[in-house]
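Take a look at the structure below.
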Amino acid sequence: MREKTRAIVGTGILTAIVVVLQALAIGIKFGPFSVTFVLIPIVVGAALYGYKSGAWLGFVFGAVVLCTDAAAFMAINAAGTVITVLLKGILAGLGAGLVYKLLENKNRTAAVIAAAVVCPVINTGVFLLGCVVFFLDTITEWAQGAGFASVGAYLIFGMVGLNFLVEMVSNILLSSVIVKILNIVKKPKKPAVAA
């Protein structure tokens with residue numbers, strides 16, 4: 001019961017951090033989209049409390065994006081925007097949690113680094129897939145307007161390139177901090193001493 005309470009409280013705190021970080025991210029732009037540091041608490045939550053917590057935090061991230069930073073896509077295809085934005089967040093948190101769990105017992109540092117890499121890869125990958133599935137005509141127009149020879153080049157270099165790199169590097173650099181947090185929270189239990 002104590003672990004469950006800790007997970008609920010910890011996930012609640014991380015939920016608030018996700019909301020605040022994503023709301024602040026609106027002002028941090030490299031290219032046309034905001035750079036987000038929200039993936040960091042998603043990785044922390046997924047590592048500390050499991051893949052369900054990671055998926056929840058990813059959902060919250062997506063919900064805040066829909067409310068603050070998705071207007072351009074909502075005007076084109078609301079259903080496609082909702083599906084893409086929520087799915088990318090949920091799957092990023094879920095993937096980070098599953099990868100962490102898979103590697104945790106072998107090497108906690110490697111597990112955190114892998115989760116920190118997987119999270120932005122899934123987030124960006126699902127975004128790109130959503131762009132192709134739901135917004136290809138619009139993306140094609142934007143690519144031509146920006147002078148790109150192909151839609152693929154525009155998606156990679158015009159829309160997500162720098163943002164993705166900043167998110168990936170910040171996740172990897174902060175992995176050591178995440179490991180320290182995990183080592184504090186997940187200390188091995190000392191065996192009880194017989195009286």
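The values are calculated or read from the model by the stated rules, or taken from the named source; none is laboratory data. Worth saying up front: this structure is predicted, and the values here are computed from it rather than measured. Every residue, glycine among them, receives a Cβ derived from its backbone with ideal geometry; neighbour counts consider all protein chains shown. Accessible surface areas use protein heavy atoms only, side chains included; no ligands, DNA or RNA. Shrake-Rupley method; radii C 1.70, N 1.55, O 1.52, S 1.80 Å.
Between Gly89, Gly50, Gly45, Gly97, which is on the phi > 0 side of the Ramachandran plot and either surrounded by 15 or more Cβ atoms within 10 Å (Cβ to Cβ) or of a type in the set (D, E, K, R) (or both)? Every option except Gly50 fails the conditions. Among the residues of segment 104-119, those identified as open to solvent by 50 Å² or more (accessible area, probe 1.4 Å) and without any contact (Cβ under 8 Å) to a residue 24 or more places away in the chain are Asn105, Lys106, Asn107. From the list Ala16, Ala92, Ala72, the lone residue that is without any contact (Cβ under 8 Å) to a residue 24 or more places away in the chain, in a helix (DSSP H, G or I) and within 30 Å of Asp137 (Cβ to Cβ) is Ala72.
Residues in segment 141-151 that are open to solvent by 40 Å² or more (accessible area, probe 1.4 Å) and either in a helix (DSSP H, G or I) or in contact with an Asp or Glu (Cβ under 6 Å, 6 or more places away or on another chain) (or both): Glu141, Trp142, Gln144, Gly145. The requirement of being closer than 16 Å to Tyr49 by Cα and either surrounded by fewer than 16 Cβ atoms within 10 Å (Cβ to Cβ) or modelled with pLDDT under 90 (or both) is not satisfied by Val169. Lys106 meets the stated requirement of being basic (Lys, Arg) and in a loop (DSSP other than H, G, I, E, B).
Go through the residues of segment 120-138 one by one and say whether even a single one is within 17 Å of Ala47 (Cβ to Cβ), open to solvent by less than 50 Å² (accessible area, probe 1.4 Å) and at pLDDT 95 or above. Checked against the condition, which is being within 17 Å of Ala47 (Cβ to Cβ), open to solvent by less than 50 Å² (accessible area, probe 1.4 Å) and at pLDDT 95 or above, segment 120-138 yields at least one hit.
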